[in-house]
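What follows is a single structure, written as structure tokens, with notes after it.
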Amino acid sequence: MLQTPQLRQGVIALFMWFTHFMEDHKVQAGNCWLQQGKNGRCQVLYMSGMTREDCCRSGRLGTAWTEEDVPNSTLFRWMIFNGGAPNCIPCKETCDSVDCGPGKRCKMNKRNKPRCVCAPDCSNVTGQGSVCGSDGKSYRDECTMLRARCRNHPNLEVQYPGRCRKTCHGVRCPGSASCVVDQTNNAYCVTCNHQCPEVTSPDQYLCGNDGVVYASSCHLRRATCILGRSIGVAYEGKCIDARSCEDIVCRGAKSCLWDEASGRGRCSVCDEACPDSRQAESVCASDNNTYPSECSMRQAACAQQRLLEVKHSGSCNCKYTVAFEMAPHSLCSALLSTRATHPLRT
């Protein structure tokens with residue numbers, strides 16, 4: 001039988017060997033991050049206590065890892081005051097095996113870091129020329145629209161070929177879709193639903209801008225499709241014989257605007273903030289005043305508590321813009337310039 005000192009030395013040696021073995025084979029747990037910022041620091045914490053292998057297993061581009069096991073207070077200080085965590089180790093150093101998803105591809109940027117960039121497959125694009133997108137904006141071609149969809153608008157689709165129009169004249173909608181002009185005087189292609197569910201509550205009634213009572217929003221949309229022009233909701237509930245806006249109750253944050261032409265009121269949102277407008281956004285309103293943009297016109301309408309609508313794009317001083325749908329401002333400027341150079345005889 002071993003003596004006690006010899007047994008103690010054997011246990012100590014076994015413990016030291018086991019400690020060295022665990023040091024050589026331990027897996028370091030750190031913090032997993034969703035992105036590495038331009039400053040080189042890890043940003044947007046995903047999970048603490050993860051190994052690098054587990055953190056990087058998804059293969060997601062931008063994922064990074066830090067090995068420091070620090071308290072939450074330190075992580076908070078790094079993210080708030082230091083722009084992220086230091087010693088950030090990206091999971092991907094090259095574009096190898098990087099899947100950016102449809103419409104994108106991996107590319108090394110100027111800092112030699114892999115990044116996913118928009119690169120839509122335009123090989124199947126058959127049409128040539130400009131298209132009107134479902135966001136109401138005109139694009140040079142379908143491939144340009146696909147790049148815009150990749151960047152910011154995942155649901156962006158082609159509405160119809162050609163530039164976006166202010167009327168349905170000349171608009172060719174795909175399939176069984178019909179052209180409708182909305183309340184902002186923009187032409188859209190929509191699919192008309194000719195079947196509406198049975199109305200179960202009087203709370204579903206809507207008063208249309210045309211003074212007609214509609215049983216539900218579905219019935220109003222159906223009428224819009226048949227008419228080919230947006231009707232819009234004046235206010236909720238059945239239409240009443242209102243003499244002024246004082247007779248109309250607007251729900252939510254809406255205010256009543258009086259339509260002098262029809263003698264009817266309409267509930268509108270009046271807390272809209274307008275961005276800086278460009279010259280090409282000016283409109284001529286129904287009061288024969290020119291406003292920097294449609295948003296500015298709506299603000300003026302709210303201030304005056306009366307309904308204003310767009311007569312046509314551009315200045316009210318340019319009568320030529322009424323007849324044209326495309327680039328009215330440049331056309332108006334050209335015509336006025338020509339008229340100034342070669343005045344017409346009267």
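The values are calculated or read from the model by the stated rules, or taken from the named source; none is laboratory data. Remember, it's a predicted structure, so these values are computed and weren't measured experimentally. Every residue, glycine as well, gets a Cβ built from its backbone with ideal geometry; the counts of neighbours run over all protein chains shown. All accessible areas refer to the heavy atoms of the entire protein, side chains included, with ligands and DNA or RNA removed. Shrake-Rupley method; radii C 1.70, N 1.55, O 1.52, S 1.80 Å.
Observations on the structure shown:
- For the peptides 227-233, 42-48, the ranking by packing is 42-48, 227-233, with the highest mean count of neighbouring Cβ atoms within 10 Å listed first.
- With the whole protein complex present, Trp65 retains an accessible surface near 10 Å², based on a 1.4 Å probe.
- Estimated FRET transfer efficiency when R0 is 30 angstrom, pair Thr74-Cys295 (beta carbons, to 0.05): 0.05
- The range 131-189, accessible surface, carbon-and-sulfur percent (1.4 angstrom probe): 46 percent
- Packing-based order for 53-63, 180-190, using average beta carbon neighbours within 10 Å, highest first: 180-190, 53-63
- Ranked order, Asp121, Asp141 - accessible area, probe 1.4 Å, largest first: Asp121, Asp141
- Under the simplified labelling scheme, the Val125-Gln183 pair shows an inter-label distance of 3.4 nm, with each label point 7 Å from Cα along Cα→Cβ.
- Here the label points at Asn112 and Ala223, each 7 Å from Cα along the C-beta direction, are separated by 6.8 nm in the simple model.
- Where Glu93, Glu294 fall by accessible area, highest first, once all protein chains stay in place (1.4 Å): Glu93, Glu294
- Here the extension length gained between Thr94 and Ser286 equals 63.2 nm, from 0.36 nm per residue of separation less the Cα-Cα distance.
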